[in-house]
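**Student:** The structure that follows is given in the form of structure tokens.
The values are calculated or read from the model by the stated rules, or taken from the named source; none is laboratory data. Everything quoted here is computed from the prediction, not taken from an experiment. Using ideal geometry, Cβ is built from the backbone for each residue, glycine included, and neighbour counts are taken over all protein chains shown. Side chains included, ligands, DNA and RNA excluded: accessible areas come from the protein's heavy atoms. Shrake-Rupley method; radii C 1.70, N 1.55, O 1.52, S 1.80 Å.
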Amino acid sequence: MNVKAMSAFDRVLEAARQTTRRVVLPESGDSRILSAAVEARQRRLADPILLGNARQLQAEADRLGLSLNGVEILDPATFPRREQYIAALVAKRADRGMTPEKASHALEDPVTFACVMVSEGDADACVAGAITATAEVVRNAMRYVGPRAGESLVSSCFIMLLEPEHPVKDVMLIGDCALVIDPDAEQLAAIAVATGESAMQLTGITPEVAMLSFSTGGSARHAAVTKVAQATAMAREKRPDWRIVGEVQLDAAVIPDILARKAPEQATDAPCNVLIFPSLDAGNIGYKLIERFGGAQAIGPILQGLSKPVNDLSRGCSIDDVVNIIAVSAAQVRSIH
């Protein structure tokens, strides 16, 4: 009997199921979030927490034909630890002029409330962005959850689930496609290391990192090429145990025969499975090309460098997108701790 091999993303789902985590969803008024919470619970990917009024959410669930049995609903207006949250915000941001009155007002925003829940340990992770701009999700994550110790940069990556005909098999990770607009060489190296670590921790693949450029191995001269070459050297210093190819054009990065012709000293039989774009322009356009023309499924953006998981959604997300990010967030809890 043929047994289908476990895909890289199957490993993410399995990691999520191994230890059920509480993932707070502040945008419960959106029907996609409500449906995804029910599905995530049914598939044992997480214990979702919906923020909102129980009666209103139950009415919406009834309209959609959903059962909320086993899905926790928490109303921030009547939450018994609200005063502790106010005190925590004042203590955390007193140097920024935070007062009890300002803290109480801040907690009226569901995304802020959800991030404070994560910070205070009442939830393991937060997923938002279906109706909230990325900048607002990230701002709350930085203010109330904060960066992981020793991290100087919060960046993002996407997991791209690939069709069989792609040069890279099964899955690849790409970054940064959502946050850092114009990284310098040091930031680009940090993005490469963070994305490679996400690849290992979430999917179990061995990172083969490509530092993308319009030049391969010095074939062109420009400040933009120099930046990527410098970032490549810095990333290699940080992770000498990884294969980090750069600076390299996309075709050479994913097709070993082309790399063997253009930069034989960096060539192996393996295509790169972690692609690092030189700017947000390139990364955002690149992932959408891979998704829309290449037929890949994009899961993300996944935030990297936070002390606890907070992940963003595209405002055009589907129910499946939300379920997948819930699973990634639960798996990140395992890897962070």
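**Student:** Positive end of the charge dipole of the chain (Lys, Arg +1 and Asp, Glu -1 on Cβ, about the Cα centre): tell me which of 328, 209, 224 has its Cα farthest that way.
**Tutor:** Going by the charge dipole, the pick is 328.
**Student:** Return the Rg/Rh ratio of region 191-337 with Cα-based radii and a Kirkwood Rh.
**Tutor:** Details: Rg = 16.0 Å, Rh = 16.3 Å.
Using Cα coordinates only, the ratio equals 0.98.
**Student:** For region 6-132, what does the accessible surface come to per residue with a 1.4 Å probe? Please give it in Å².
**Tutor:** On the way: 5800 Å² over 127 residues.
Here the per-residue accessible area is 46 Å².
**Student:** On to the next question. Peptides 181-188, 135-142, 98-105: what's the order by average Cβ count within 10 Å, highest mean first?
**Tutor:** Details: 181-188: 17.1, 135-142: 19.0, 98-105: 14.5.
Top of the packing list down: 135-142, 181-188, 98-105.
**Student:** Do any chymotrypsin sites (Phe, Trp or Tyr not before Pro) in region 242-337 lie in a loop, going by DSSP, with at most 12 other beta-carbon atoms within 10 Å of their beta carbon, and if so which?
**Tutor:** 293
**Student:** Determine how many Å³ per residue the convex hull of the Cα atoms of region 146-233 encloses. Each step should come with its number before you reach the end.
**Tutor:** Working: hull volume 10.5 nm³, N = 88.
Enclosed volume per residue, from the Cα hull, is 119 Å³.
**Student:** Excluding ligands, DNA and RNA, what is the solvent-accessible area per residue of region 245-337 at a probe of 1.4 Å, expressed in Å²?
**Tutor:** Details: 3680 Å² over 93 residues.
Per-residue value: 40 Å².
**Student:** Let me check against my output: what whole-number percent is the relative contact order of region 105-258, with C-alpha pairs under 8 Å and at least 6 apart?
**Tutor:** Numbers: 189 pairs, mean separation 25.0, N = 154.
After rounding, I find 16 percent.
**Student:** Another one. Mind sorting out which of (1) 50, 23, 15; (2) 38, 27, 15; (3) 37, 24, 16 is the real semi-axes √(5λ) of the Cα gyration tensor in Å computed from the coordinates?
**Tutor:** Computed from the coordinates, semi-axes √(5λ) of the Cα gyration tensor in Å corresponds to (3).
**Student:** Which whole-percent values make up P(r) of region 71-115 when all C-alpha to C-alpha distances are grouped in 10 Å steps starting at zero?
**Tutor:** Final binned percentages: 27, 57, 13, 2.
**Student:** Taking region 30-89, how much of its Cα-Cα pair set, in percent, is spaced more than 16 angstrom apart?
**Tutor:** Working: 819 of 1770 pairs.
Looking at region 30-89, the distances longer than 16 Å represent 46 percent of pairs.
**Student:** I've got another one for you. Report relative contact order for the chain in percent, whole number only (criteria: Cα-Cα under 8 Å, sequence separation at least 6).
**Tutor:** Working: 661 pairs, mean separation 80.9, N = 337.
Result for the chain is 24 percent.
**Student:** Using a 1.4 angstrom probe on heavy atoms only, work out the carbon and sulfur share of the accessible area of the chain in %.
**Tutor:** 50 percent
**Student:** While we're looking at this one, here's another question. Lys/Arg Cβ at +1, Asp/Glu Cβ at -1, dipole of the chain taken about the Cα centre: which of 191, 133, 273 is farthest positive-ward?
**Tutor:** Result: 191.
**Student:** Dipole magnitude of region 21-124 about its Cα centre, charges +1 at Lys/Arg Cβ and -1 at Asp/Glu Cβ only, in debye to the nearest 20? Write down the numbers at each step before the final one.
**Tutor:** Working: 14 positive and 16 negative charges, 43 e Å.
With Lys and Arg at +1 and Asp and Glu at -1, about 200 debye.
**Student:** Follow-up question, since we're still on this one. Taking square-rooted eigenvalues a ≥ b ≥ c of the alpha carbon gyration tensor, is region 184-229 rounded, prolate or oblate, where a/c under 1.5 means rounded and, failing that, a/b exceeding b/c means prolate? Show your work: numbers first, answer last.
**Tutor:** Numbers: a/c = 4.86, a/b = 2.09, b/c = 2.32.
Oblate.
**Student:** Rounded if a/c is under 1.5, else prolate if a/b is larger than b/c, else oblate: which is region 5-129, with a ≥ b ≥ c the root eigenvalues of its Cα gyration tensor? Write down the numbers at each step before the final one.
**Tutor:** Numbers: a/c = 2.72, a/b = 1.51, b/c = 1.81.
Note, shape of region 5-129 comes out oblate.
**Student:** Taking N as the number of residues in region 208-260, what is its alpha-carbon radius of gyration divided by 2.2 N^0.38 Å?
**Tutor:** Taking N as the residue count of region 208-260, the ratio is 1.06.
**Student:** Sticking with this structure for a sec: Show that you can apply the helix-only estimate: for the chain, add -39,500 (n - 2.57) for every DSSP H stretch of four or more residues, divide by all residues, and state [θ] at 222 nm to the nearest 500.
**Tutor:** Values: 13 runs with 143 residues, N = 337.
After summing the helix terms and dividing by the residues of the chain, the value is -13000 deg cm²/dmol.
**Student:** With an 8 Å Cα cut-off and a minimum separation of 6 or more residues, compute the relative contact order for region 211-323 in percent. Please list the in-between numbers first.
**Tutor:** Working: 115 pairs, mean separation 23.5, N = 113.
So the answer I get is 21 percent.
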